[in-house]
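**Student:** The structure that follows is given in the form of structure tokens.
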Amino acid sequence: MSAPRTIRTVRTTAVAAAVGAALLFASGPAQAANGTIGERETVCAQDLFVRTDPGGAWMGTLYQGQTFLVESKQSGWVYGFAYGYINRHGWVQDGWFC
């Protein structure tokens with residue numbers, strides 16, 4: 001009698017995992033947006049590397065909910081002031097703001 005319960009539990013767990021993954025995928029990219037010059041943007045990504053130049057050396061990480069003041073843009077990158085743990089100027093990839 002325990003076998004049908006186990007099968008039902010596995011099916012329920014699999015369905016719940018699939019629905020959760022679909023919701024995460026649907027809500028994640030839809031929330032991300034490009035930065036606006038002059039705006040202090042909130043990071044929507046789980047983490048966002050701050051670099052010395054576009055694609056340059058890593059100098060710190062902004063985490064979801066921390067903010068970045070966008071001062072200029074260049075080829076998919078934005079320059080500005082990274083608040084949070086970093087508290088200095090640098091470059092981040094554009095498109096990861098709420």
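**Student:** Could you give the length gained by full extension between residue 58 and residue 33, i.e. 0.36 nm per residue of separation minus their alpha carbon distance, to one decimal place?
**Tutor:** Gain on stretching residue 58 to residue 33: 6.8 nm.
**Student:** Counting only residues 5 or more places away or on other chains, whose amide H sits under 5 Å from the amide H of residue 73 once H atoms are built in the peptide plane?
**Tutor:** For residue 73, the qualifying residues are 79.
**Student:** Still on this structure, please answer the following. Taking the beta-carbon count within 10 Å as an exposure proxy, list 42, 52 from fewest neighbours to most.
**Tutor:** So the ranking, lowest neighbour count to highest, is 52, 42.
**Student:** In addition: What nm distance separates the two modelled labels at residue 98 and residue 49, each placed 7 Å from Cα along Cα→Cβ?
**Tutor:** Spacing of the two 7 Å Cα→Cβ label points: 2.5 nm.
Coordinate-derived values only; no laboratory data. Note that the structure is a prediction, hence the values are computed from the model and not measured. Because the Cβ atoms are built from the backbone with ideal geometry, glycine has one as well, and the counts that use them run over all protein chains shown.
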